[in-house]
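Below is one structure; the comments refer to it alone.
The values are calculated or read from the model by the stated rules, or taken from the named source; none is laboratory data. Source: prediction; values computed, not measured. Note: ideal-geometry Cβ built from the backbone for every residue, glycine included; neighbour counts use all protein chains shown. Remember, those area values only see protein heavy atoms, side chains included, never the ligands or the DNA or RNA. Shrake-Rupley method; radii C 1.70, N 1.55, O 1.52, S 1.80 Å.
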Amino acid sequence: MSANSLSQFAWWKTYFTPNGYSYDKIPDLTGKIAIVTGANSGLGYATTVALAGHGARVFLACRSKERAQEAIENANAEIKAKYLNAPTPQLEFLELDLNDMTKSHRAAQEFLKKGLPLHILVNNSGILVSPIALSADGIETLFAVNHMGHFVFTMGLLDKIKESQPSRIIILSSIAHEVIPKNMNGIDFDTLNDEGDYSLNRYSRSKLANVLFANALARRLANERVYVNTAHPGHVDTKLNRSVKGILGETWSKLAQFVASAAVMTPEVGALTQLYLATSPEVESKDIRGRYFVPIANEIQPSTWARDEELQEKLWTFSENLVRQIVKA
């Protein structure tokens, strides 16, 4: 945790106030169409179950059809047991490979072919820490998957989201977006693929990109009823942590898990912040857009870098240029 959060009373207040959202506050979502990326496990799965359990038709945007189909079967059973009055769940697989920008673009096109509106987009998928590697497009993997894939996917769907308003876009980030070394100047676009960069630095950079993208997009949609916000879900017990051992080693990873265990949440609890932004009527009634929320559904300020409009625009231009160079229709 960085000094930015520690210095905010709003952060400390979250430990002593009731949760800002709960499952019984989710309204009827009948007629709503949603896409959740990384929906086959963890936060994405919990979000999918909640949305579908309240009547939404949900597309599980995942790379593996097999794992998505397994998640759909589990979700159907869970919804039947948990939401006794729920209609028959409407859950469908949408193939999405965020490691490949062309495939991310095609995923958006495949959805558009269905001729459906899109009211809720939850950019949930992400990878935590991993050895240095390059994506299918030759981009550092964490930046590619956590930011670029979602940038391409979201922009491919944006016209449909605008047509479907009122609508929501929720982008998951992390409090790790604050842990940016001073010498990186927020994001140094010229050194994205440097092999000597620490994994945590690369992860933090990708999570900063998430907040920058959300804020830049929210500003562009200021006159639309499209509500773009960012969520930090907290420390959640999910498969996202599967790479930690390989980076920190067995001893240090066990220590990190022990320290974090005091604050660990289940995916069902962790998902409540993004569900608040995806479903709460307050988002529209209070015109909540371009904001940053931490557990559970509490707003605080993101880092200084995240609020830097010049850096937001640099990322936007950099991302657009990469798309023009790489994405094939």
Subject >> Which numbered condition Ile171 fails, given (1) in a strand (DSSP E or B); (2) farther than 15 Å from Ile127 by Cα >> reply: (2)
**OP:** State which residue pairs qualify: first residue assigned to a loop (DSSP other than H, G, I, E, B) and inside the range 188-215, second residue crowded, with 18+ Cβ neighbours inside 10 Å and of a type in the set (Phe, Trp, Tyr) in any location, beta carbons under 8 Å apart, and separation of 6 or more residues or different chains.
**Re:** Leu192/Phe143
Original post:
How about the range 174-187: which of its residues are open to solvent by 10 Å² or more (accessible area, probe 1.4 Å) and either polar (S, T, N, Q) or in a helix (DSSP H, G or I) (or both)?
Top reply: Ser174, Ile175, Ala176, Glu178, Lys182, Asn183, Met184, Asn185
Subject >> Cβ-Cβ under 8 Å pairs, at least 6 apart or on other chains, the range 23-34 side closer than 15 Å to Thr88 by Cα, far side open to solvent by 40 Å² or more (accessible area, probe 1.4 Å) and not in a helix (DSSP H, G or I) >> reply: Thr30/Pro87; Lys32/Arg57; Ile33/Arg57; Ile33/Pro117
**OP:** Filter the range 270-311 down to residues that are among the β-branched types (Val, Ile, Thr) and buried (at least 20 other Cβ atoms within 10 Å of the Cβ) and give me whichever is farthest from Gly55 (Cα to Cα).
**Re:** Val294
**OP:** Could you pull out every one of the helices (runs of 4 or more DSSP H) wholly within the range 238-329 that has 1 or more residues that are modelled with pLDDT under 95?
**Re:** 244-260
Original post:
Restricting attention to the range 84-93, and to residues there that are open to solvent by 40 Å² or more (accessible area, probe 1.4 Å) and assigned to a loop (DSSP other than H, G, I, E, B), which single residue is farthest from Ile26 (Cα to Cα)?
Top reply: Thr88
Subject >> Pick from the range 106-126, criterion under 19 Å from Thr48 (Cβ atoms) and free of Cβ contacts under 8 Å to residues at least 60 places away in the same chain, ranking: surrounded by the most Cβ atoms within 10 Å (Cβ to Cβ) >> reply: Ala107
**OP:** Report, by residue number, each residue of the range 54-67 that is surrounded by fewer than 24 Cβ atoms within 10 Å (Cβ to Cβ) and on the phi < 0 side of the Ramachandran plot.
**Re:** His54, Arg57, Arg63, Ser64, Lys65, Glu66, Arg67
Original post:
With respect to Glu66, is the statement that it is over 21 Å from Thr154 (Cβ atoms), of a type in the set (Asp, Glu) and out of contact with any helix residue (DSSP H, G or I) (no Cβ under 7 Å at 6 or more places or on another chain) true?
Top reply: yes
**OP:** Could you look through the range 130-156, keep only residues that are of a type in the set (A, V, I, L, M) and buried (at least 20 other Cβ atoms within 10 Å of the Cβ), and pick out the one that is farthest from His105 (Cα to Cα)?
**Re:** Leu142
Subject >> Identity of the residue in the range 312-325, open to solvent by 30 Å² or more (accessible area, probe 1.4 Å) and either in contact (Cβ under 8 Å) with a residue 12 or more places away in the chain or within 20 Å of the chain's Cα centre (by Cα) (or both), that ends up farthest from Asn185 (Cα to Cα) >> reply: Val323
Original post:
If we scan the range 73-80, do we find a residue that is in contact with a Pro (Cβ under 6 Å, 6 or more places away or on another chain) and surrounded by fewer than 24 Cβ atoms within 10 Å (Cβ to Cβ)?
Top reply: yes
